[in-house]
């Protein structure tokens, strides 16, 4: 049986579409009858809410601090399996202070590696021990950004960390590309930021992804209904964009 593909979404800037993209990809993969696990590594718990998981009870905080196993914390929702998060996770920087703390998530994930087709990690909008754990545990990094200068700056600030993790902790880490969200090709700024993103992509040995996610009101509406985008609005432009993104990055999932 093939092992899970672990995918993390990252950008130090908030509001760039990390959670939205994790949620959307979970929906696309699940619609193709893939076994999907979403892990919320953000103390705000937005992914947990969006996928219909409870933020009470056992969470990722309990898993990484050794209070329970992943099996104990996994919730089955109508969208996919979820390991939720809540505000208690914000104390993990102080709690995870032992040697090898960068490898905790990787080690905890070992028993799950052949039970799911895709495991998706939603990282916090900050450079923390949680972010480092995600980079060490993951196979693929996808870097979402909006076509704005501050969003690009968030990637630039992460570049050194990503390269250091790849060098010292996870040589197999594959930065799959920079993903534009809330994209409008008619804006001159979009093209200008895309040109600058190409420079950062070369530093990360990746590319700006061909698929761009169109700005769409349904993207904002779906979380309120605790549904993935493809369940809530399958014919929307953004939903079709995310299907295209999955096909660009993981064509085997779309068979």
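Quick notes on this structure:
- The single residue among 186, 231 that is out of contact with any strand residue (DSSP E or B) (no Cβ under 7 Å at 6 or more places or on another chain) and farther than 27 Å from residue 82 by Cα turns out to be 186.
- Among the candidates 30, 90, 69, 48, residue that is out of contact with any helix residue (DSSP H, G or I) (no Cβ under 6 Å at 6 or more places or on another chain) and farther than 29 Å from residue 161 by Cα: 30
- Residue within the range 204-215 that is more than 17 Å from residue 142 (Cα to Cα), surrounded by 12 or more Cβ atoms within 10 Å (Cβ to Cβ), in contact with a strand residue (DSSP E or B) (Cβ under 6 Å, 6 or more places away or on another chain) and modelled with pLDDT under 90 present: yes
- Scanning the range 20-33 for residues that are within 17 Å of the chain's Cα centre (by Cα) and either assigned to a loop (DSSP other than H, G, I, E, B) or under 21 Å from residue 181 (Cα atoms) (or both) gives 20, 21, 22, 23, 24, 25, 26, 27, 28, 29.
- Any hit, the range 3-10, residues being assigned to a helix (DSSP H, G or I) and buried (at least 24 other Cβ atoms within 10 Å of the Cβ): no
To keep it simple, each residue is scored yes or no on (1) over 15 Å from the mean Cα position of the chain (by Cα); (2) free of Cβ contacts under 8 Å to residues at least 24 places away in the same chain.
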residue: 5; (1), (2): no, no
residue: 8; (1), (2): no, no
residue: 15; (1), (2): no, no
residue: 18; (1), (2): no, no
residue: 44; (1), (2): no, no
residue: 51; (1), (2): no, no
residue: 68; (1), (2): yes, yes
residue: 73; (1), (2): yes, yes
residue: 77; (1), (2): yes, no
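- Residue match in the range 203-210 (condition: under 17 Å from the mean Cα position of the chain (by Cα) and part of a strand (DSSP E or B)): yes
- The range 161-175 - residue that is surrounded by fewer than 18 Cβ atoms within 10 Å (Cβ to Cβ) and under 19 Å from the mean Cα position of the chain (by Cα) and, of those, farthest from residue 210 (Cα to Cα): 161
- Residue in the range 122-129 that is closer than 22 Å to residue 175 by Cβ, touching a helix residue (DSSP H, G or I) at 6+ places or on another chain (Cβ under 6 Å), touching a residue at least 60 places away in the same chain (Cβ under 8 Å) and surrounded by 23 or more Cβ atoms within 10 Å (Cβ to Cβ) present: yes
- For residue 218, the requirement of being surrounded by fewer than 22 Cβ atoms within 10 Å (Cβ to Cβ), farther than 21 Å from residue 64 by Cβ and over 19 Å from the mean Cα position of the chain (by Cα) is met.
- Restricting the range 54-66 to residues that are surrounded by 14 or more Cβ atoms within 10 Å (Cβ to Cβ) and under 20 Å from residue 19 (Cα atoms), the residue that is nearest to the chain's Cα centre (by Cα) is 60.
- Check on residue 185, more than 17 Å from the chain's Cα centre (by Cα) and at pLDDT below 90: yes
- Applying the criterion of at least 2 residues that are modelled with pLDDT of 95 or more to the helices (runs of 4 or more DSSP H) found wholly in the range 44-118 leaves 46-50, 60-64, 70-73, 104-109.
The values are calculated or read from the model by the stated rules, or taken from the named source; none is laboratory data. From a predicted model like this one, the values you see are computed outputs, not experimental measurements. Note that each Cβ is placed from the backbone with ideal geometry, even for glycine, and that neighbours are counted across all protein chains shown.
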